[in-house]
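Values quoted throughout were computed directly from the atomic coordinates according to the rules given, and no laboratory measurement underlies them. Please read all numbers here as calculations on a predicted model, not as lab measurements. Note that we place each Cβ from the backbone using ideal geometry, even for glycine, and neighbour counts take in every protein chain shown.
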């Protein structure tokens with residue numbers, strides 16, 4: 001049996017596709033819907049394969065129930081510190097999980113239960129990985145491909161846990177057996193040997209599964225001469241203001257509209273939609289909660305996918321026309337555009353010239 005711990009709709013989509021690719025196994029997907037305020041009622045899961053079950057959970061309710069007892073509080077604290085809880089504490093956790101509809105979980109020594117995580121460091125992932133002797137990681141975007149320098153204090157703590165010190169990377173724990181990635185050869189050196197290429201995104205059943213789950217929500221962008229503009233919070237770059245960001249995306253949108261394209265605006269989950277309200281009247285607005293991959297995988301034809309410097313569409317280049325506008329250093333380029341609309345116009349002419357051939 002496979003158990004997936006999901007916090008975003010993207011996690012849910014990848015878990016469903018991974019599970020559908022293994023029809024001979026049982027799959028239980030634990031989905032914490034409150035992280036993105038995206039309940040299961042938003043999607044149609046009535047036609048997913050019979051060997052897949054999705055369990056909707058609430059992070060706050062689950063954590064509050066667990067920490068309502070002394071044993072639960074100890075388990076919670078140990079798991080946050082990556083320290084192994086006792087067998088008795090594990091049984092306590094499993095009893096709480098059972099009250100929340102996860103009665104399929106059993107003793108950690110059962111060899112037929114395999115745990116799958118996305119962001120292995122979020123709090124819910126830490127709780128579940130404390131139950132099982134090992135786990136696997138499925139790529140969670142660009143962060144999976146980078147290692148991060150640690151402070152001296154954190155390096156010392158990792159050394160005590162027999163973890164690589166100095167830097168950390170997703171999946172570098174000795175308990176992580178495999179890291180599934182679109183580009184395993186690009187994984188950091190700490191995890192590259194664990195790399196496994198993702199093979200479940202583009203299968204004969206993918207399009208029908210995505211269409212069945214998201215239905216008409218993805219139909220709006222599947223019009224002729226449509227292009228997806230994926231935004232990102234570039235106003236987080238030092239020296240770039242909200243007004244700069246809005247002007248940059250206005251200029252990109254105007255360029256595409258002027259070239260005869262229908263623009264689908266896909267606002268980054270960490271941004272406020274209000275930042276783009278002026279553009280919304282002229283664009284097709286993609287539902288914020290649907291992962292970008294769903295539009296790409298569900299489209300009958302390859303769509304242009306345009307971003308300033310996002311990893312959007314990474315690994316799906318054979319299914320979309322991925323165009324990254326910023327060349328070279330991302331922050332320097334955005335700051336340059338903020339001060340010079342002429343430089344942005346020149347970049348648009350160069351990078352979007354390929355659209356004329358689509």
For the chain, longest principal axis from Cα atoms; helix 87-99 axis from its Cα atoms; angle between them, nearest 10 degrees, is 60 degrees
Taking neighbour Cβ counts within 10 Å as the exposure measure, how do 168, 354, 59 sort from fewest upward? 354, 59, 168
Using label points projected 7 Å from each Cα along Cα→Cβ, tell me how many nm separate residue 177 and residue 134, to one decimal. 0.5 nm
Specify the inter-centroid distance of the range 75-90 and the range 1-56, based on alpha-carbon positions, in whole Å. 26 Å
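Count the DSSP beta bridges whose two residues both fall in the chain, then state the antiparallel fraction as a percent rounded to the nearest 5.
Percentage antiparallel, nearest 5: 5.
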Connecting C-alpha atoms closer than 10 Å in a GNM of the chain, tell me which of 44, 119, 272 has the biggest fluctuation. 272
Rounded to one decimal in nm, the spacing of the 7 Å Cα→Cβ label points at residue 197 and residue 83 is 4.3 nm
With an 8 Å Cα cut-off and a minimum separation of 6 or more residues, compute the relative contact order for the range 2-197 in percent. 16 percent
Relative pair counts by distance (%), Cα atoms of the range 2-197, 5 Å bins: 1, 7, 15, 19, 20, 17, 13, 5, 1, 0, 0
From the list (1) 34; (2) 50; (3) 30, can you say which value of percent of Cα pairs over 35 Å apart was derived from the structure given? (3)
Two-decimal Rg to Rh for the range 166-219 - Kirkwood Rh, Cα set: 1.19
Evaluate the relative contact order of the chain (contact order divided by residue number), counting alpha-carbon pairs under 8 angstrom at least 6 apart; express in whole percent. 13 percent
Burial ordering of 128, 104, 295, fewest other beta-carbon atoms within 10 Å first: 104, 128, 295
By count of other Cβ within 10 Å, fewest leading, how are 270, 289 ordered? 270, 289
Mean separation of Cα pairs under 8 Å and 6+ residues apart, divided by the residue count of the range 206-357: what relative contact order is that in percent? 27 percent
Sorted from largest down, give the three principal axis spans of the alpha carbons of the range 206-357, whole angstrom values. 45, 33, 28
Set the Förster distance to 45 Å, then compute FRET efficiency between residue 121 and residue 354 from the Cβ-Cβ distance, nearest 0.05. 0.75
